[in-house]
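The values are calculated or read from the model by the stated rules, or taken from the named source; none is laboratory data. In this text the structure is predicted, and so the values were computed from the model without any measurement. When the accessible area is computed, the model is the full protein with side chains, heavy atoms only, and any ligands, DNA or RNA have been set aside. Shrake-Rupley method; radii C 1.70, N 1.55, O 1.52, S 1.80 Å.
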Amino acid sequence: MAWLPDGAQDMLRRLSDQLYGAAEMFGRLDRYVDGQQHLRQLGLAIPPELERFTVIVNWPRVVAESRVDRLDLKGFRVGDNLKLADDAWEFWRSSGLDEDQTSYLDFEVFGRSFKTVENDETGLHIENVSPIDILAHRDPVTGRLDAALRRYRDVDDYDFMSTVGWRLYLPDRTYTIDTNYQVRSVVENPLGIVPVVPAYRNPRTTIPLHKTWPRLRGTSALTDVIDLTDACARDLTNAQVAQETHAVPQRGVLGATKGDFVDDEGNPLTTWEAYFGRIWALGNPNAKTFEFSSSSMENFERMVNLYARLSSGVTGLPPNYFGLAADDAASADAIRSREAKLVKSIERDQRTLGRQAVQTCRLVAGLLRGEKAMSAFDDADALWYDAGTPTVAQRADAVTKLFATADPTGRPLMPREMAWEELGWGPEKIARAKKLLESDEEGWMQGYVKPEVSDGLRADVADGGTTAGERSETAQQSSGRPAGGDMAA
């Protein structure tokens, strides 16, 4: 074993300190998306035994998963190189990334996601790595990625946050390091590029000054809804307690002492146990009971609706995503209008994640086929399914009209294959459609182009008889008119 070079050692120590420092922030976001956060205050002084009335509204998960549900990659376009685009999509699918939504969920929850491209004894593969376990560094002058550090943990162990190893990615080589910071293995990077591809959600030109260390790039989609979620949870928790204390008629007793409230064995009951008892049996004949009318719970409902509308406004999700049922029968146009902000936000995420996917394929192409194939991905794009919710009929009608419109030469304004893409078809479906159309066209042509057979009237052609000039003279003699027709006369 050996030690890391001084420069690499300094980078390892710097990035590992940032990973450990970010653990609290990542843990908080992780708890919120799973609905495991703890309310800072309930707004009501109640004993600990009433904590079971706490209600958590898991709007952060609604926000994250609703956005991820609209992120569906369907293929790649690599300039005019259809073969390279098909190979890239095939490798993407074989790696399971077409069905793996973990990277997109990390992107929305933590505001960043990472992919690694590594070549080991099992072959070349792409892996999604949680932002909790990886961090990238950029050169402050050039802005280029010059290092990345990945932490390995045994997630099945009791101490699942304990580090069991490190991997330091540099442009020229990759180091695998144990917990004693000694090098276990070194792999050369033939491309001279850090084989880690990050993606940051809604980054700014500079990291906001108000952020404390570690100052990480990217913005979580949960940021704006967290405080509103806490406020709504407090309101519902108060409502739960109010159901037991105000929503039922208030009861009172005069002329009784605390000792009059005992259980079956004669032991005195606590205040809450006595209050929530279903049967009051008082031995004091001078005791008198009374009750007040119950309170309305509408104020709690109004506050929940207010928080839901505020959450809808800051996230762009329609109000019904937060439980507000619309009374009107919304039309398709009204639905799209409500989703306009959400769709535009998702389209920005698609561009960011699309660049990450293309850059990942670019590294794979460089490692497998060399720099020429790698440079081809400079003109590549990721293809996504529509982030909106238009009906099939509306989309088909719009595409049909564009395809039917012709330019001055009579050609369709939109090529057929592009029309298929606008319909939302993926590369496999488009390839199948092309094959079926080619088969149908061949069958159509065979139906109209038949082999020439003898019909008795043109036997001279089959027998190699008279020429065309001789047939003209024969026709002239049989008709009694010169070969030149009427104009010859």
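Observations
- Exposure rank, largest accessible area first [Trp89, Trp425; 1.4 Å]: Trp425, Trp89
- Rg(Cα)/(2.2 N^0.38 Å) for region 121-201, N = residue count: 1.17
- Cross-link pairs Lys74/Lys344; Lys344/Lys435; Lys115/Lys435; Lys344/Lys372; Lys115/Lys401 - those with Cα-Cα distance over 29 Å: Lys344/Lys435; Lys115/Lys435; Lys344/Lys372; Lys115/Lys401
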